[in-house]
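The values are calculated or read from the model by the stated rules, or taken from the named source; none is laboratory data. Because the structure is a prediction, the values reported are computed rather than measured. Virtual Cβ from ideal backbone geometry, glycine too; neighbours counted across all protein chains shown.
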Amino acid sequence: MKILLLEDDLILNEIIEEHLKSQEYEVITVFTGLEAQDLLYSQKFDLLLLDVNVPILSGFELLKELRQKEIYTPAIFLTSLNQVDDIEKGFKSGCDDYIKKPFELKELDIRINNIKRLFLINPNNLIEISKDIFLDKKNLMIKKEQNHIHITKKECEVLEYLMNNNTKVVSINELSLNVWAYEETPISSTIRTYIKNLRKILGDEYIINLRGVGYRFNKQ
């Protein structure tokens, strides 16, 4: 699991980084909103831990910008802003959780584990699609009953993104921004081909095609 930590307090940054690495997470730390912004447009992350009052670009502004660009990487704010209005502003900017400083590292672990549960971030690389179907991220295959069907890396990433966002319709543009991120943007027909292959393997009932709008993963 790859985490971006934005925290301008040097000591707290080091404490959190050391703790997360002890949990065997990959952690990249930055101290300003601009540094975080540069990284977020050049690398993919599984989780963002964002302080709010940081130099140049605040955590609220940074996340709001990402959400406007349809980048939906899960995000938790870590901040001393503890008024109800602050919390409301944080969630309106697009966060998935909000932790008030000071906090215990155990609380951070609990919140991260909840994000992993909600967004199907599985360190074992095996994700349940239904009772008899599993996505094996490590080996790039779908295990369907007794069959092991190989898929491409991009098909795996597209499927995982659709599953993580199963409560809404996902457009081609959103898939392009989130799955390809800093890579060369594919043409729409390429993405449609990936989804067509996945629907053929899983069954059309798992990925619903809403013409002219996008796709929605249908949990079974």
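I'd like to know if segment 70-83 contains one or more residues that are outside the structural domain of Asn165 (by TED's automatic domain parsing), of a type in the set (Asp, Glu) and either touching a Phe, Trp or Tyr at 6+ places or on another chain (Cβ under 9 Å) or at pLDDT 95 or above (or both).
Start the filter on segment 70-83 by keeping residues that are outside the structural domain of Asn165 (by TED's automatic domain parsing), which leaves 70-83.
Retained after the next criterion (residues that are of a type in the set (Asp, Glu)): 70.
Now drop any that are not either touching a Phe, Trp or Tyr at 6+ places or on another chain (Cβ under 9 Å) or at pLDDT 95 or above (or both), which leaves none.
No, segment 70-83 contains no residue that is outside the structural domain of Asn165 (by TED's automatic domain parsing), of a type in the set (Asp, Glu) and either touching a Phe, Trp or Tyr at 6+ places or on another chain (Cβ under 9 Å) or at pLDDT 95 or above (or both).
Being aliphatic (A, V, I, L, M), under 16 Å from the mean Cα position of the chain (by Cα) and not assigned by TED's automatic domain parsing to the domain that holds Leu175, is that true of even one residue in segment 53-65?
Let us first name the residues in segment 53-65 that are aliphatic (A, V, I, L, M), namely 54, 56-57, 62-63.
Still in the list and also under 16 Å from the mean Cα position of the chain (by Cα): 62-63.
Still in the list and also not assigned by TED's automatic domain parsing to the domain that holds Leu175: 62-63.
Yes, the conditions are met somewhere in segment 53-65.
For segment 8-26, give me the residue count where each residue is under 17 Å from Pro74 (Cα atoms) and surrounded by 18 or more Cβ atoms within 10 Å (Cβ to Cβ). Explain how you work it out, then say what you get.
Within segment 8-26, the subset under 17 Å from Pro74 (Cα atoms) is 20, 25-26.
Adding the requirement that they be surrounded by 18 or more Cβ atoms within 10 Å (Cβ to Cβ) leaves 20.
Of the residues in that region, 1 qualify.
Is there any pair with a first residue in segment 97-109 that is within 11 Å of His19 (Cα to Cα) and a second that is outside any strand (DSSP E or B) whose Cβ atoms are under 8 Å apart and which are 6 or more apart or on different chains, and what are they?
These pairs meet every condition: Leu105/Ile15; Leu105/Ile16; Leu105/His19; Leu108/Ile16; Leu108/His19; Asp109/Gln23.
Would you list the helices (runs of 4 or more DSSP H) that sit entirely within segment 93-205 and hold 3 or more residues that are closer than 30 Å to Asp9 by Cβ and in contact with a strand residue (DSSP E or B) (Cβ under 7 Å, 6 or more places away or on another chain)? Full working, then the answer.
Details: elements: 105-118, 153-164, 172-175, 188-202.
Helices (runs of 4 or more DSSP H) meeting the threshold: 105-118.
Could you count how many residues in segment 11-62 are among the polar types (S, T, N, Q) and either under 19 Å from Ile87 (Cα atoms) or not in a loop (DSSP other than H, G, I, E, B) (or both)?
Residues of segment 11-62 among the polar types (S, T, N, Q): 13, 22-23, 29, 32, 37, 42-43, 53, 58.
Narrowing further to those that are either under 19 Å from Ile87 (Cα atoms) or not in a loop (DSSP other than H, G, I, E, B) (or both): 13, 22, 29, 37, 53, 58.
Result for segment 11-62: 6.
Out of the residues in segment 169-196 meeting the condition of being touching a Gly at 6+ places or on another chain (Cβ under 9 Å) and of a type outside the set (Gly, Ala, Ser), tell me which one is farthest from Leu40 (Cα to Cα).
Filtering segment 169-196 for residues touching a Gly at 6+ places or on another chain (Cβ under 9 Å) gives 169-175.
If we keep only those that are of a type outside the set (Gly, Ala, Ser) too, we end up with 169-170, 172-175.
On the way: Val169: 23, Val170: 20, Ile172: 20, Asn173: 17, Glu174: 15, Leu175: 16 Å.
This residue is Val169.
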